[in-house]
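Engineer: Got a structure for you, questions after.
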Amino acid sequence: MIEVDGLTKRFGDTTAVDDVSFTVRPGQVTGFLGPNGAGKSTTMRMMIGLDRPTSGTALVNGRPYRRHPAPLCVVGALLEGRALHRGRSARAHLLGLARTHGIPARRVDEVLAEAGLGAAAGRRAGDFSLGMSQRLGVAAALLGDPAVVILDEPVNGLDPDGVLWIRTMLKDLAAQGRTVLVSSHLMSEMAVTADHLLILSSGRLLTDTTVDAFISGVGASRCLVRSPEAARLREVLVADGAVVTSLEPGLLEVRGRDAPEIGTAAAAHRLVLHELTPHRASLEQAYMELMAS
Ligand code: ADP
């Protein structure tokens, strides 16, 4: 797993990451969200030792990245602006990485095939399209069969096939019990890939919760409730902390409580319901609402 504790990074007067603590757990995809400049890349760079924290720690499987003897076999990372020998072929690039870590050459061919680059393996990586470079970056991240995978905006530049490939791969990696942290600004993509969310804004952690809990917790998610005892039900729900609006006689709009909670509260007070319809917000709506607050 990845454990971040009190992590802070300042660049001169800019505090890029401000006292952030969280744990990224194995067996699920954790989405890392936040506006441009929120500090996502800097946090990821500190996880793999590319930036040194001003204070705090980022541990991968209990140690700082640099203290692992063969880091590629522990953490696979795709970060923006990665270094590539542009004149080398894709295969030679991966072979170079493999050699420094005692990884057998056949693994290079495996990850090239997994990344859909089998046919392009001999071509100069410098001539690759953005999408192919992303595929090569992912192949490099997976080379050491790492238990932890960190990908910064992996779907950037990918065509629909590539987006689907990343989506399936992330889910497969998590299902294999790996720890998967992925940043993206594409909410629709995160909504179908991520199980857990970390949201950063101005260097601070705003949200550390499941995607489901995040979406149900915002006001944009609401339930329509029809009851012949609407006035009494309204009192019960308001007392329970819900925000309730009467839309018409017998019809309530409820925010802040989900359908099971409303149904349970109604049953506890022996109130009859004629309709209970959840209207779930999209991840994008929930995110926009959080950012506007
Ligand atoms: P994100 O990945 O969420 O878009 P970044 O981590 O790239 O955010 O940036 C966070 C903040 O830190 C921004 O204000 C950015 O300008 C600043 N920053 C990042 N790297 C550097 C650097 N090497 N030197 C100075 N400022 C930086």
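Engineer: Within segment 19-39, can you find the residues that are within 10 Å of the ligand (Cβ to nearest atom) and open to solvent by 20 Å² or more (accessible area, probe 1.4 Å)?
Structural biologist: 35, 36, 37
Engineer: State all residues of segment 259-293 that are under 15 Å from residue 211 (Cα atoms) and either under 17 Å from the mean Cα position of the chain (by Cα) or assigned to a loop (DSSP other than H, G, I, E, B) (or both); if no residue qualifies, say none.
Structural biologist: 280, 281, 282, 283, 284, 285, 286, 287, 288, 290
Engineer: Within segment 196-212, which residues are open to solvent by 40 Å² or more (accessible area, probe 1.4 Å) and either part of a strand (DSSP E or B) or farther than 20 Å from residue 20 by Cβ (or both)?
Structural biologist: 204, 205, 206, 208, 210, 212
Engineer: Does residue 42 satisfy being closer than 26 Å to residue 190 by Cα and either more than 9 Å from the ligand (Cβ to nearest atom) or open to solvent by less than 50 Å² (accessible area, probe 1.4 Å) (or both)?
Structural biologist: Judged against the criteria, residue 42 is a match.
Engineer: Follow-up question, since we're still on this one. So, in segment 238-258, exactly how many residues are part of a loop (DSSP other than H, G, I, E, B) and of a type in the set (Asp, Glu)?
Structural biologist: Total meeting the criteria: 2.
Engineer: Only one residue in 188, 133, 129 is modelled with pLDDT under 90, surrounded by fewer than 22 Cβ atoms within 10 Å (Cβ to Cβ) and closer than 26 Å to residue 288 by Cα, so which one is that?
Structural biologist: Just one listed residue meets the conditions, 188.
Engineer: Still on this structure, I have one more. Residue 152 is checked against (1) open to solvent by 20 Å² or more (accessible area, probe 1.4 Å); (2) acidic (Asp, Glu); (3) modelled with pLDDT of 90 or more and fails just one. What number does that condition carry?
Structural biologist: (1)
Engineer: Could you figure out which of (1) among the charged types (D, E, K, R); (2) touching a residue at least 12 places away in the same chain (Cβ under 8 Å); (3) part of a helix (DSSP H, G or I) isn't true of residue 235?
Structural biologist: Result: residue 235 fails condition (2) only.
Engineer: Mind checking which residues of segment 52-73 are in contact with a strand residue (DSSP E or B) (Cβ under 6 Å, 6 or more places away or on another chain) and either within 14 Å of the ligand (Cβ to nearest atom) or under 26 Å from residue 130 (Cα atoms) (or both)?
Structural biologist: 53, 54, 58
Engineer: Something else about it: Is there any pair with a first residue in segment 39-57 that is assigned by TED's automatic domain parsing to the domain that holds residue 70 and a second that is open to solvent by 40 Å² or more (accessible area, probe 1.4 Å) and within 12 Å of the ligand (Cβ to nearest atom) whose Cβ atoms are under 6 Å apart and which are 6 or more apart or on different chains, and what are they?
Structural biologist: If the second residue must be open to solvent by 40 Å² or more (accessible area, probe 1.4 Å) and within 12 Å of the ligand (Cβ to nearest atom), the pairs left are 51/45; 54/10.
The values are calculated or read from the model by the stated rules, or taken from the named source; none is laboratory data. If you're wondering where the values come from, they're calculated on a predicted model, not measured in any experiment. Methodologically, a virtual Cβ is constructed for each residue, glycine included, from the backbone with ideal geometry; neighbour enumeration extends over all protein chains shown. Keep in mind that these areas ignore ligands, DNA and RNA; they rest on the heavy atoms of the full protein, side chains included. Shrake-Rupley method; radii C 1.70, N 1.55, O 1.52, S 1.80 Å.
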